[in-house]
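S.K.: Next up is a structure, given as structure tokens.
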Amino acid sequence: MSEDEDCDGLPSIFVNSSGYDAGAFSIPSADELASQREREVENERKLKELRERLANDDDVTLARHDSSSSESDAALAAAVTVMSVDCALAAVAAGPPRHAPRAADLLAALARGLPAAARPLLEDSNVALRLPEVVASASALVAADDEPWTDDEVWALGALLAGAALAHDPAPRREALRALHTLLERRATAAQAHALGRMMLDALPAARTRLELSDALRAGGGPTCEALATLALDVALVDSLDPPARGRESLSRLAEAMGAGWARLAPELRYTTLQLLGRRLAVASEDEREARSRLLAPLAPSQIGHDTQAPEKLKVLVCASKLRLLFGTEK
């Protein structure tokens, strides 16, 4: 039997090896094991304290009320308390996951765009640390509750789920998207959904983030989500090309501003702007189609140049060419 057959492709095991081999296992020393055990004991103690503290409190449920504003606020606060405790119990023994910094930044930004009564859930520092568990709780709440939702409930849960969907963590992303779509299509009123969309877009000014939000809303969403996705594209394009038109977004108005807006657009923003424009043209209505030629005119090679040396400029040239081929009216 050969040496390769003896080892069966398994990594070697070294005891206290001074060298490092990514394909080998290393058995820790006795001191390291003792230190690890001490940390585990301390974590178990903290978990026990948290559970005892929770047991001494009155039972808190996620039952929601729509009979009065104060009862609704109390129900929302109860939901925040339950999620916070669940997060704390799970976070004691675990380090922050890789997605936590981005999730924390997103949730903090979204919280600043919400009314004060809707902020506590997003401001809880434990939420970003245990995002999958929080999303699971929020998803269950959205799926189970058919009662009318208040503004603050829609905005708090909607912003939380949107932040989770944008956090670049694959674990909660799919569930967060599904719950966000359910919330907007089945639980929220049209006015609540539109207000939430505006709040999120005001809180997330970066064109790239708005592009990601639009894609998240459109990925499997219904009419309400599609309308908000289009709004995200319009707001991002208007802020890039024609800021004074904010609040009066339309393709016709963008077409009027495209020439001057494109000329003064920072080079590093042009590729993202073309991505936004391509998505917007793809969902243009029949009434908006006449504006396409005016929107595409500044993207002609004679207007944007032929510099293929710089990678970023080459990306812009290729993307502009694709848009002209897909949406141009020339035969």
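S.K.: If you check Leu269, Leu237, which single one turns out to be among the aliphatic types (A, V, I, L, M) and under 20 Å from the mean Cα position of the chain (by Cα)?
M.R.: Going through Leu269, Leu237 in turn, the sole match is Leu237.
S.K.: Determine which member of the set Leu161, Leu114 is assigned to a helix (DSSP H, G or I) and crowded, with 20+ Cβ neighbours inside 10 Å.
M.R.: Working: Leu114 fails: assigned to a helix (DSSP H, G or I).
Going through Leu161, Leu114 in turn, the sole match is Leu161.
S.K.: Within the bounds of segment 132-141, is there any residue that is touching an Asp or Glu at 6+ places or on another chain (Cβ under 7 Å), in contact (Cβ under 8 Å) with a residue 40 or more places away in the chain, in a helix (DSSP H, G or I) and hydrophobic (A, V, I, L, M, F, W, C)? Working first, answer last.
M.R.: Taking segment 132-141 and keeping what is touching an Asp or Glu at 6+ places or on another chain (Cβ under 7 Å), we get 133, 135-137, 139.
Then drop every residue that is not in contact (Cβ under 8 Å) with a residue 40 or more places away in the chain, which leaves 133, 135, 137, 139.
Those left that are additionally in a helix (DSSP H, G or I): 133, 135, 137, 139.
Of the ones still in play, those that are also hydrophobic (A, V, I, L, M, F, W, C) are 135.
Yes - at least one qualifying residue is present in segment 132-141.
S.K.: Please go through segment 289-315 and give me each residue that is at pLDDT below 80 and buried (at least 17 other Cβ atoms within 10 Å of the Cβ), ordered by number.
M.R.: Residue satisfying the conditions is Ile304 alone.
S.K.: Something else: Considering only segment 93-111, state which residues are part of a helix (DSSP H, G or I), modelled with pLDDT under 70 and either farther than 12 Å from Arg130 by Cβ or not hydrophobic (A, V, I, L, M, F, W, C) (or both). Working first, answer last.
M.R.: Of all residues in segment 93-111, those part of a helix (DSSP H, G or I) come to 100-111.
Checking which are modelled with pLDDT under 70 leaves us with 100.
Those that are part of a helix (DSSP H, G or I), modelled with pLDDT under 70 and either farther than 12 Å from Arg130 by Cβ or not hydrophobic (A, V, I, L, M, F, W, C) (or both): none in segment 93-111.
S.K.: Can you tell me which residues in segment 142-153 are hydrophobic (A, V, I, L, M, F, W, C), within 22 Å of Gly197 (Cα to Cα) and assigned to a helix (DSSP H, G or I)? Before the answer, list the steps.
M.R.: First, the residues of segment 142-153 that are hydrophobic (A, V, I, L, M, F, W, C): 142-144, 149.
So of that shortlist, the ones also within 22 Å of Gly197 (Cα to Cα) come out as 142-143, 149.
Across segment 142-153, the qualifying residues are Val142, Ala143.
S.K.: If a residue has to be assigned to a loop (DSSP other than H, G, I, E, B) and in contact (Cβ under 8 Å) with a residue 60 or more places away in the chain to count, how many in segment 164-194 make the cut?
M.R.: Filtering segment 164-194 down to residues assigned to a loop (DSSP other than H, G, I, E, B) leaves 166-169, 188-189.
From the residues that got through so far, the ones that are in contact (Cβ under 8 Å) with a residue 60 or more places away in the chain too are 166-169.
Qualifying residue count for the region: 4.
S.K.: Just one of Arg246, Arg174 is modelled with pLDDT under 95, out of contact with any Asp or Glu (no Cβ under 7 Å at 6 or more places or on another chain) and either within 19 Å of Arg119 (Cβ to Cβ) or surrounded by fewer than 17 Cβ atoms within 10 Å (Cβ to Cβ) (or both); which is it? Give the steps one after another, and end with the answer.
M.R.: Working: Arg246 fails: out of contact with any Asp or Glu (no Cβ under 7 Å at 6 or more places or on another chain).
Every option except Arg174 fails the conditions.
S.K.: Further question on the same structure: Which numbered condition in (1) buried (at least 18 other Cβ atoms within 10 Å of the Cβ); (2) more than 30 Å from Arg186 (Cβ to Cβ); (3) among the hydroxyl-bearing types (Ser, Thr, Tyr) is the only one that Ser321 fails?
M.R.: (1)
S.K.: Could you list all residues from segment 174-213 that are among the small types (Gly, Ala, Ser) and touching a Ser or Thr at 6+ places or on another chain (Cβ under 8 Å)?
M.R.: Applying the first criterion (among the small types (Gly, Ala, Ser)) to segment 174-213 yields 176, 179, 188, 190-191, 193, 195, 197, 203, 206-207.
Correct list: Ala176, Ala179, Ala188, Ala190, Ala193, Ala207.
For (1) modelled with pLDDT under 90; (2) among the acidic types (Asp, Glu), each residue gets a yes or a no:
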| residue | (1), (2) |
| --- | --- |
| Cys225 | no, no |
| Arg264 | yes, no |
| Arg270 | no, no |
| Glu286 | yes, yes |
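S.K.: Would you pick out the residues in segment 202-231 that are surrounded by 18 or more Cβ atoms within 10 Å (Cβ to Cβ) and not in a helix (DSSP H, G or I)?
M.R.: Selection gives Leu204, Gly221.
S.K.: Return the residues of segment 259-302 that are hydrophobic (A, V, I, L, M, F, W, C) and not in a helix (DSSP H, G or I); say none if nothing qualifies. Explain how you work it out, then say what you get.
M.R.: If we filter segment 259-302 for residues that are hydrophobic (A, V, I, L, M, F, W, C), which is where we start, we get 260, 262-263, 265-266, 269, 274, 276-277, 281-284, 291, 295-297, 299-300.
Hits for segment 259-302 are Leu265, Ala266, Val283, Ala284, Ala300.
The values are calculated or read from the model by the stated rules, or taken from the named source; none is laboratory data. Note that the coordinates shown come from a computational prediction; the quantities given were computed from them, not determined experimentally. Quick reminder, even Gly has a Cβ in these numbers, built from the backbone with ideal geometry, and neighbours come from all protein chains shown.
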